[in-house]
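Okay, so here's the structure we're looking at.
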Amino acid sequence: MTDHVRIVEVGARDGLQNEKTLLPADVKIALIDRLSATGLKSIEATSFVSPKWIPQLADAAEVFRGIRKVPGVSYPVLVPNEQGYLRAREVGAKEVAIFTAASEAFNRKNTNASIDESIDRFASVVEHAQADEVKVRGYVSTVLGCPYQGEVPVADVVRVAARLYRLGCYEISLGDTIGVGTPAKARAMLRAVAQEVPMSALAVHFHDTYGQALANILSCLEEGVRVVDSAVSGTGGCPYAKGATGNVASEDVVYMLHGMGVDTGVDLDLLIATGAWLAAQLHKETASRVTRARTAA
Ligand code: HMG
Ligand code: MG
C-alpha cells in the first residue's frame, strides 16, 4: 500500500462538541491555525447546529471568521438544516457537512427527526449549496451499531449512504459513532456500501471506545478506502450517544500510515505538538472552571 490517504481532521468539531470544558473562541482559532500548519488538507472547523443542543460550538461564526484560511485547505462545517446552512454561508463557508444516521432511534435523539425527515431537510441545503458552489459532504452515523437500537442492519447503512450520495454529496463518511465495530464487520459494511457508492467517494470515521479504531481503519484501507476521519489527540464523541468516547487520534492514524509507507502530507511532529498543546489548553480551562465553581460555592 504505497499511495496517498487524505485525513479529515475532525477534532475542532467532533472533538470539542463533547468536551465538558468549553474552550474560548480564540483557543479554538489557534487550534485550527496550528492544524493548518501541519499539512492537513481537510479540517472540520465547527458546527452551525442549534446552540441549545451543542453549547460547546455556539461560537461557530466567530471561530469560522477568525481562522486563517490556508489556500488548498478545506474547512468544512456541520449543518443540520437550512438555517445552519445560511449561518455557514454568511461567514463564507465553502464546504458543509450534512448528517443523518442508519438507525432511526439515534437520528431522532441527535436531530429530533426521522431519517427521512432529516434527508428532506437536506434537499434545500444541497440546492443552496449547488447554487453557491459550496461542496457538500455527508455523514451516516451508527453504521456498526446504535446506542439505542443495538444492531444496525448493513442494508440500512447502504440505503442511507446511497441516498446521500444521490442527493449530491461528493463524499460519504461512514461513522462508527459509538466505536463498537470490529475489523471484519467494518470491512463487510464498507464492501456492501461500495456496491452502491463508489469507493473513491467513501470515507471512514471511527470512534475508539473499545480500542478497535486502528484495526478497523486498516481493514477498510485493505478494502480500498482512502479517506480517514480522525481527531487530534483523540478528543471527541457525541453528546447524544452516551458512552461513546473520542475519535481515533489523528497522531496514531498518521503514525500507522507513515509506518506503512503511505503518504498523508502531514508533518507528524507538528501534529503531535498540536495534540499536546490542545491537551494543555483543555487542562488549563478545566482547572480554571473548577476554581470558579469552588469560588462560587
Ligand atoms: P429542533 O429543536 O427540532 O429544531 O432541533 P427546530 O427547527 O424546531 O428549532 C428549534 C429552535 O432551534 C429554534 O429556536 C430555531 O431557531 C433553532 P427558538 O425559536 O427556540 O429560539 N435552530 C437553530 N439555531 C441555530 N442553528 C441552527 C438551528 N436550527 C434550529 N442550525 C436541530 C433540530 C437539528 C436543529 C437540533 O436537533 C440540532 O442542532 N442537532 C444537532 C446535534 C449535533 O450537533 N450532534 C452532534 C453532531 S453529529 C455527530 O457527532 C456524528 C458524526 O461525528 C459522525 C459519527 O460519529 O457517527 C458526524
Ligand atoms: Mg463522530
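Coordinate-derived values only; no laboratory data. Quick caveat, the model's predicted, so the values are computed rather than measured. When we count neighbours, we look across all protein chains shown, and the Cβ atoms used for this are built from the backbone with ideal geometry, even at glycine.
For the chain, hydrophobic long helices are taken as DSSP H runs at least 24 Å long by C-alpha position along their axis with mean Kyte-Doolittle hydropathy of -1.0 or more; these are 115-132, 268-296.
For the range 6-104, what does the alpha-carbon gyration tensor say about shape, rounded, prolate or oblate, given a ≥ b ≥ c as the root eigenvalues, a/c under 1.5 as rounded, and a/b over b/c as prolate? In terms of gyration-tensor shape, rounded. For the range 101-173 versus the range 241-265, the spacing of their alpha-carbon centroids is 24 Å. For the chain, the 222 nm mean residue ellipticity estimated from helices alone, with every DSSP H stretch of n ≥ 4 adding -39500 (n - 2.57) and the total spread over all residues, rounds to -13500 deg cm²/dmol.
Listed peptides 220-232, 125-137 appear in the order 220-232, 125-137 once ranked by packing, highest mean of other Cβ atoms within 10 Å at the front. Lysine pairs in the chain whose alpha-carbon atoms fall under 12 angstrom of each other, counting only those eight or more residues apart or on distinct chains, come to 4. If you take the alpha carbon atoms of the chain and fit the smallest convex hull around them, that volume is 121 Å³ per residue. With both residues required to sit in the range 6-296, DSSP beta bridges show an antiparallel share near 5%. For Lys94, the amide hydrogen comes within under 5 Å of the amide hydrogens of Tyr75, counting only partners 5 or more places away or on other chains and with H modelled in the peptide plane.
In terms of packing, defined here as the mean over residues of other Cβ atoms within 10 angstrom, the peptides 96-104, 143-151, 112-120 line up highest first as 96-104, 143-151, 112-120. Altogether, the Stokes-Einstein calculation at 37 °C and 0.692 mPa s, with the Kirkwood radius of the range 208-297 over Cα pairs as Rh, returns a diffusion coefficient of 219 µm²/s.
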